[in-house]
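Chemist: Next up is a structure, given as C-alpha cells.
The values are calculated or read from the model by the stated rules, or taken from the named source; none is laboratory data. Keep in mind the model is a prediction, meaning the values are calculated, not measured. FYI the Cβ positions are ideal-geometry reconstructions off the backbone, even for glycines, and counts take in every protein chain you see.
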Amino acid sequence: MDIERNAFLPDTSTIVDGRFYRLLEKETPERVILCEAVVAEIEHQANLGKAIGESGLEELRKIKALCEKKSIPFSVEGTYPQDIKNLDRVILEFARSKNAILVTGDHIQAAIAEVKGARSLFLPRTTVSKTTIEDFFDGETMSAHLKEGMPALLKKGTPGNIRLTRGERLDREVVESIVLDIIERARRTEDCFIELDEKGATVVQLKEYRIAVTRPPFSDKLEITAVKPLKKLTLAEYDISEGLYERVSSAEGILVAGSPGAGKSTFVQALAEFYKDQKKIVKTMEKPRDLQVSDDITQYTSLSGSMEKTADILLLVRPDYTVFDEMRKTSDFKIYADLRLSGVGMVGVVHAARAIDAIQRFIGRIELGMIPQLIDTVIFISEGRIGKVHTLRLTVKVPQGMTDTDLSRPVIEVSDFSTGANEYEIYSFGEQVVVIPMRKPRSMERRLKQALGRRKFEIEETDSGRLNLYVKEKDIGEVVGAGGKRISQIERKLGAHIDVMAIERKYPVSVSVSKKWVKLGVRGARRSEMLFFFVDNEKVFEGEVGKKGKLQVETNTEIGQIFKHASEEGRKVYAREG
C-alpha cells in the first residue's frame, strides 16, 4: 500500500466553494492528490452548464497553480468512474488505499471515515464572499438585480409605489463569489434547496429569498435576480368587504390574477392562512416553492419534474384547499381543472393585465362549458390591493346584440361581484369563442352629473375596480371637499371608490410593428413633449415624442412586446400629458 502520511485528498464539497484552496494557503502538505472521480464529477457538472461545475473548474485551476507556487507535488490518480452515483464511497475508499487525509466538508462523510478508520479532516463551511446576497436587502428592498460589469439595481418600495436605485458596479469575481455562496448554502442549510439547475440557469430558494442565477450561453453575462417578500399580511388587513369575505369563505374555485409584482403571492399567502385558520387542510403546488406560509401548510413542488405526479399525490393526501402558484403552461390549467373536478378547493395564481384576461387563459385549454364549474371567483390584485372581483355563471340565452331567439346558446356571464352588473359574455360563435364586453349603462355618468352640476368631467373605470374622475384642476378642491367629505358622500351614493385628478389631454396612438422596431404615432402631440403611454388603463412608460409626433422602441424589449401584443389584440393605446 502506498504511504502518503501527510497527503491531502479533497472531496468535491471542499473544492467547489474554495475551502480546500484556503486550507492550502495556510498549510503545506507533503502532497496533494485528486481522485479521478472528483474531477469526473466536476467535469460532468460543468458540461451540463451547472453553476457548481463552473465554480469547481475554476477552483481546480487555482489549486494546481498554488501547488506549483508552493512546490507541493500535485497529481490526479485513480480510475475514471463508470457512474458517479456512489461517489462519496469511491472517494473514501481511494483515500483509505492511499492512507491519505480525506479533506471533506460533509459531516456525514467525516463520520463514516472515522468509523472505517480512515484519516479525515472536516472543514466546516464559512462564508467565503465578503459580499452576500443579504447585503443588498434592507427593510424596503423588494428585489436585487446583479449583473457582472453593471451597477447593482435594487427595487425598493411597495407594489404600486416602486423606485429603482443603483448601487456600485460589480465585477465578475464579486458576482461569481456571491453565486458560489448561494449554491453552497442551498446545499448545506436547512430550509434551503436548489429548485432547478440546468445549463445556464439555476433557481434557488434560500430561506425567504427566491434567487435565479443565469450565465452564458443562456444569458449574455452572469446575472443574479433575488426577490424577497417584504411583508406578510392577513386577510383582515386587506380592504375586503363583508360580502367578499363570505364569498372567499365558501368559494372553491378561485383565480388570483395580476401583473408581475402586483402582490399576488402576498394575497394568496393570506388566503392560505385564512383557510388554515378555518381548520381546513391546505397544501400548495409551487415551482419554485417561494410562498411564505406557516409550517401547518405543506408546500409541494414538481415530483420528478412533473406537476401531474404531484397532483396524483395530492389526491391521495386529500386536502380541502390547494394553492397552485404561477400557472403558466397548458398542463398547469388541466391539472387545476382535474383537481377541482375531483372535489379539491383550488386557488390558482396567474399573470394577467386584467381580471377578464385570467379567465381567457382557460379558453381553448378547457371545454368552454366547464369553466364556470372550475372558477367561481376571480380576484384581481393591483398595487397590493384587491381590485376588480368577477363571478361566473353559465346560462342559456340569446347573447347581447343578437335578436333571433333561434340564436340561443350556452353563455358564460362574467359579473362584477360588488355591483352584480354583467360585464362580459363568453360564448361560441361558429368555430370561434368570443368574449364580448357589455354596453355599460350610463346611470353612473348621470348620477355624477347630478352631483357635480355643470362642471366638466370625464370618468374612467380601471381594472382595479376604481373610478378615475377627471375634472379641471381649479375644481378639484370643491369636488373633494374639506377633509374629503364631499367625495366620500359621492362614493357612498355611487357605491364606488373614486380617485379625483385633473383633466389631462389624451392623444390617440397608432402602433406599427416591424421585426426590429415598434413605432408609436401620437396624433396632435408637440415635438419633444414628454407623455405617459397607456395600454387600456395600464401605464407602460414615459417617453419623449420626436419629430412629427413619433416615437419608437425596440420590438424585442419588454416594452416593445407589450405594445406588439396590444396591437395584435386590438387593445386601446393612448398617451396622456405628464
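Chemist: Just a yes or no: is a residue in the stretch 174-190 farther than 17 Å from D17 by Cβ and surrounded by 15 or more Cβ atoms within 10 Å (Cβ to Cβ)?
Modeler: No, the conditions are met nowhere in the stretch 174-190.
Chemist: Is it true that some residue in the stretch 305-317 is within 28 Å of N537 (Cβ to Cβ), at pLDDT 90 or above and either surrounded by fewer than 16 Cβ atoms within 10 Å (Cβ to Cβ) or within 20 Å of the chain's Cα centre (by Cα) (or both)?
Modeler: No, the stretch 305-317 contains no residue that is within 28 Å of N537 (Cβ to Cβ), at pLDDT 90 or above and either surrounded by fewer than 16 Cβ atoms within 10 Å (Cβ to Cβ) or within 20 Å of the chain's Cα centre (by Cα) (or both).
Chemist: Within the set of pairs 6+ apart or on separate chains, which have a first residue in the stretch 284-298 that is assigned by TED's automatic domain parsing to the domain that holds G345, a second that is surrounded by fewer than 16 Cβ atoms within 10 Å (Cβ to Cβ) and in a strand (DSSP E or B), and C-beta atoms under 9 Å apart?
Modeler: Qualifying pairs under 9 Å: T284/T298; K287/L196; P288/F193; P288/L196; R289/F193.
Chemist: For the stretch 18-73, how many residues meet the condition of being over 22 Å from T202 (Cα atoms) and not in a helix (DSSP H, G or I)?
Modeler: 13
Chemist: Taking the condition over 22 Å from V179 (Cα atoms), exposed (fewer than 13 other Cβ atoms within 10 Å of the Cβ) and either in the same structural domain as G200 (by TED's automatic domain parsing) or over 39 Å from the mean Cα position of the chain (by Cα) (or both), does S120 pass?
Modeler: no
Residue-by-condition table, conditions (1) over 27 Å from N537 (Cα atoms); (2) part of a loop (DSSP other than H, G, I, E, B):
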site: I386; (1), (2): no, no
site: L392; (1), (2): no, no
site: V396; (1), (2): yes, no
site: Q400; (1), (2): no, yes
site: E413; (1), (2): no, no
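Chemist: Tell me, which residue of the stretch 299-323 that is touching a residue at least 40 places away in the same chain (Cβ under 8 Å) and not charged (D, E, K, R) is nearest to S249 (Cα to Cα)?
Modeler: Y321
Chemist: Let me ask something else. Give me the pairs: first residue in the stretch 60-88 and at positive phi, second residue modelled with pLDDT under 95, beta-carbon distance under 6 Å, and six or more apart or on different chains, which are they?
Modeler: Qualifying pairs under 6 Å: G78/C35; G78/E36; G78/F94.
Chemist: Quick one: count up the residues across the stretch 511-532 that are in contact with a Leu (Cβ under 7 Å, 6 or more places away or on another chain) and part of a strand (DSSP E or B). Lay out the reasoning, then the answer.
Modeler: At the first step, the residues of the stretch 511-532 found to be in contact with a Leu (Cβ under 7 Å, 6 or more places away or on another chain) are 511, 520, 522, 525.
Okay, now just the ones that are also part of a strand (DSSP E or B), so 511, 520, 522.
Final tally of qualifying residues: 3.
Chemist: Looking at (1) among the polar types (S, T, N, Q); (2) buried (at least 21 other Cβ atoms within 10 Å of the Cβ); (3) farther than 30 Å from D376 by Cβ, which is the one condition that is false for Q205?
Modeler: (2)
Chemist: Let me ask you something else. Take the residues in the stretch 210-239 that are charged (D, E, K, R) and in a loop (DSSP other than H, G, I, E, B); name whichever of them is farthest from V175 (Cα to Cα).
Modeler: Filtering the stretch 210-239 for residues that are charged (D, E, K, R) and in a loop (DSSP other than H, G, I, E, B), the one farthest from V175 (Cα to Cα) comes out as D239.
Chemist: Kindly establish whether V256 is touching a Ser or Thr at 6+ places or on another chain (Cβ under 6 Å) and surrounded by 15 or more Cβ atoms within 10 Å (Cβ to Cβ).
Modeler: no
Chemist: Out of (1) surrounded by fewer than 19 Cβ atoms within 10 Å (Cβ to Cβ); (2) of a type outside the set (A, V, I, L, M, F, W, C); (3) under 20 Å from the mean Cα position of the chain (by Cα), what's the single condition that is false for T234?
Modeler: Answer for T234: the failing condition is (3).
Chemist: Among the residues of the stretch 515-530, are any touching a Ser or Thr at 6+ places or on another chain (Cβ under 7 Å), of a type in the set (K, R) and within 18 Å of K548 (Cβ to Cβ)?
Modeler: Looking for residues that are touching a Ser or Thr at 6+ places or on another chain (Cβ under 7 Å), of a type in the set (K, R) and within 18 Å of K548 (Cβ to Cβ), one finds at least one in the stretch 515-530, hence yes.
Chemist: State which residue pairs qualify: first residue surrounded by 21 or more Cβ atoms within 10 Å (Cβ to Cβ) and inside the stretch 348-372, second residue in a loop (DSSP other than H, G, I, E, B) and β-branched (V, I, T) in any location, beta carbons under 9 Å apart, and separation of 6 or more residues or different chains.
Modeler: Here the result reads G348/I375; A358/I375; I359/I375; F362/I375, each pair linking the stretch 348-372 to a residue that is in a loop (DSSP other than H, G, I, E, B) and β-branched (V, I, T).
Chemist: Mind checking which residues of the stretch 293-316 are β-branched (V, I, T) and not in a helix (DSSP H, G or I)?
Modeler: Matches in the stretch 293-316: V293, I297, T298, T301.
Chemist: Given (1) closer than 24 Å to E383 by Cβ; (2) exposed (fewer than 13 other Cβ atoms within 10 Å of the Cβ); (3) under 29 Å from the mean Cα position of the chain (by Cα), where does E554 come up short, assuming only one miss?
Modeler: Looking at each condition in turn, E554 falls short on (1).
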